[in-house]
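See below for the structure under consideration.
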Amino acid sequence: MNKLRSFILVFDIVFHSSPLMFIALALIAARIDGKEVSQYGQHLQQVLLLSPTIFPVIFAALMGRCFKYLGLFLAERGITLGRLEQLIGSTSLFSALERQISLRGSSVFGYILMILWLLSPLGGQSALRLIGKETNSVLRNGTVQYLNPDTVVGTFMGSGSGINSARSVFSPIFLASLLSSSKYQDTSMDLWGNVKMPRFASVENSTSDDWKTIKNDNGTNITYASLIGIPVAQLDKIGASNFSVKARQWDIDCDKNEMQGGKQADFGGLNVSTWKVAYAPVNSSCSKWPCSISFKSIANNDAADEDYFNYTVASCKLSYDSYETRIGCKGRSCRPTAMRKIDRFIGVNYTRDSDAFFRSTPSLNTMSTLPRIDNLGVGSVAFRGSTNAEKWMADPTNFVGLKTYVQLYELSPDVLSNRLTILWNSLFQSTYAMDTLGGNLDQTFDNITQSADSQLFNGTASAISTPMASVWRTNWKWFTALLVSSVILQIAAYMALFFKYYTCVPDIIGYASSMTLLNPYVPTPTGGTTLHGLERSCMLQDMRVMIGDVCANEPIGAIAFAKADEGRVARLTRKRFYV
C-alpha cells in the first residue's frame, strides 16, 4: 500500500508539472527569434503542431482537478452548496456556463470559472501560431552595365560594303531569333538572356502618366519591339535589382492593308524578292520622322501573266525614337516594368547629322536587306513561295514549311504593324555590337570593353535587394497568450496538488460510490466513512445497485440509491407517487 501511495504521489507531481513543457516551448521559441532557420527550429515547429491537441487535454485534466480539490478544501471548512456545485461541476467551458445558468444567479465567481476555461483553446491555438519563418533582405546601391544606345551608329547597315562584310554574322543571329520566336516572342528575355523592350505603341495608352506601366508576361497584350533584347551585364546573381536603361527602337505604324492586282500594286521586278519595303512615293526620300513607306508582298502567282498576280499592299509610317525603360530583375531573370519616350538625341555620338543619315542610308539598306535575308542569290524568287519572314508575319507560331504563298492582306493594319516592327528591329539589332548579343557577358565583359574602339556599355545606378538567410520570428502576441495560459495552468495544477494532500476530508465528491456513504440501503464496507471515492468503488465494484423505490409496499414510494436486492428495492413507475 505504501508503494502504491508513493507511486501515486510521484505520478501526481510529474503530471501536475506538465504545463512546464508549454512554458519551456514558449521560452525556446523566444530564444530562437531572429536565428537562422535550422533543423532545431524545424523540430520545435513540428512539436508545436501537436499543441492544439495536447494542450486542451492537459488543461481539462489539471484545471478540473484544481476546481475539484479546491471544492473539497472549502467543503472541509464550510461552503455554500451553490458555490460547491459550481466548483465540482466545472469540468469544461460548457459545464461552467451550464452551472451559471442552472443556479439562476449571475455570480462573479461563475464568470471567473468561464474565463479560466477560455484559456484552453487560447493556449492550444497560440502554440500553433507561435513561430514562423521570415526572409529579410539587405538594400544597397550598385551599378549595372547595359549596351550604350550610341552603338547604333556603328551599324553595318551604314554602307553596302559593311553589309557584305557582316552578312555572315548578322544573318544567322536574325534567323536564329526568328526560328526561336514561338517560344521567346512573348517573353521578356531573348534566347541569349538579353532584356527585351516593349513596343512603345503597345503600352502608351496604359496610363496618362509620362511613365507607362508594363505588366508581367502573362497579364497583358504587350508586344515586344524585337526578338533580340538589350545586353545587360554585371547583374547581381542572387538579389533583386531595379534600374533603368535607355535604348532606341524603330516603329512601323500601318494605316491601310489591302489586296491589289498586279498592275495596280506596281510591285516591280520579281527576280529580287517576294516582298518589298520602300519610301513612298517610289524613289522619294524622308526629311523628318515619321517617314512614309509602302509594304508589298506577293499573295499568289496563279495567273499566267505576272501583271495579274495578287499582292498585299500596305501604307505605313516609319519612325526611329529613343526610350527609357525601367527594368526589374530577380537574379539574372529580368523584365521591363515601365517605359517612357525621351528625347531622340540621347548620348553623344547620335547627333542631328546622324539622324539625317539614318533616314537615308541605314533605313534604305534595311529595306533592301530584310526581304532578302533568307533567299539572297536564289534565282526566280517570286516562284519559290513566300520567305520565312513573310510566313512569320502571317503566323509567328507556325511558319516553317515548304513552298507556299501567304495572304498578308488578311491581317489587320495593327497586327501587320506589330509584326513588321518586330522583324525590322530584330534585323537591325543584329547589325551592331554583335559580340555582345551571345550571352555570358559577365565572363567576357572586360575583354569586350577593352577590345572595343568606343564605349560599348553605359553604367546605370541599380537598387539591389539581396536576400538574407531565412530566420525564425516569434509572434510575441501569441507568445504572451501561451505563456499566460501555461503559467495560470501550472499555478492551478500545483494548487490542486496542494489541496489534494493538505485536505483531510476524503475525496468523495463526484463519485457514484459516494452515494453509498451512510446509506441504510447499502452495506458499509470496511473503512467506513474514511474511504476515498475510488477506494470505495473498488471495494464495492461487484455489488449490483439501482436507483429505485425502497418503499414498494407502501402507498407512497420513496426513491433512494440501494443495493439491488429482490424485495428491498423496486423499479420506478409512472403510476405511483413518490416523496
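No lab work stands behind these numbers, since they all come straight from the coordinates. Note that the structure is a prediction, hence the values are computed from the model and not measured. Ideal geometry is used to build each Cβ from the backbone, glycine not excepted, and the neighbour counts take in all protein chains shown.
Figures for the structure shown
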| quantity | calculated |
| --- | --- |
| Y224 long-range amide H proximity, modeled H, under 5 Å | R199 |
| Whole-Hz ³J(HN,Hα) from phi, Karplus 6.51 cos²θ - 1.76 cosθ + 1.60, for the stretch 253-265, glycine and proline x | 10, 9, 10, 8, 8, 8, 8, 9, x, x, 5, 5, 6 |
| Flagged links, alpha-carbon separation over 31 Å, of K183/K296; K212/K403; K288/K403; K215/K477 | K212/K403; K288/K403; K215/K477 |
| The chain, dipole about Cα centre (Lys/Arg Cβ +1, Asp/Glu Cβ -1), debye to the nearest 20 | 2420 debye |
| Residue-span extension gain [D395 to S165] - 0.36 nm each, minus C-alpha spacing | 79.6 nm |
| Within the stretch 77-176, trypsin sites (Lys or Arg not before Pro) in DSSP loop having at most 12 other beta-carbon neighbours inside 10 Å | R104 |
| Volume per residue of the C-alpha convex hull in the stretch 1-74, rounded to whole Å³ | 120 Å³ |
| Read-out volume of the Cα convex hull per residue in Å³, derived from the coordinates shown; its label in [x] 207; [y] 307; [z] 150 | [y] |
| Separation in nanometres of the label points that stand 7 Å from Cα toward Cβ, at R384 and H43 | 7.4 nm |
| Rounded to whole Hz, the Karplus (6.51, -1.76, 1.60) HN-Hα couplings of the stretch 543-548, x for glycine and proline | 7, 7, 10, 7, 9, x |
| Cysteines in the chain that, by Cβ-Cβ distance, have no pairing candidate under 4.7 Å | C66, C504, C538, C551 |
| ³J(HN,Hα), Karplus 6.51/-1.76/1.60, whole Hz, each residue of the stretch 407-412, x for Gly, Pro | 9, 5, 5, 6, 7, 5 |
| Cα-based Kirkwood hydrodynamic radius, the stretch 55-167, one decimal, Å | 20.2 Å |
| For the stretch 139-467, average projected area of the Cα convex hull in nm² | 17.0 nm² |
| Segment F94-E204, length gained on full extension (0.36 nm per residue, minus Cα span) | 33.1 nm |
| For the stretch 266-396, the spread of Cα positions along each principal axis, largest first, Å | 56, 39, 26 |
| Leading residue at positive end of dipole, the stretch 139-467 (Cβ point charges), from S294, G385, S206 | S206 |
| Point-charge dipole on Cβ atoms (K/R +1, D/E -1) for the stretch 139-467, about Cα centre, debye to 20 | 500 debye |
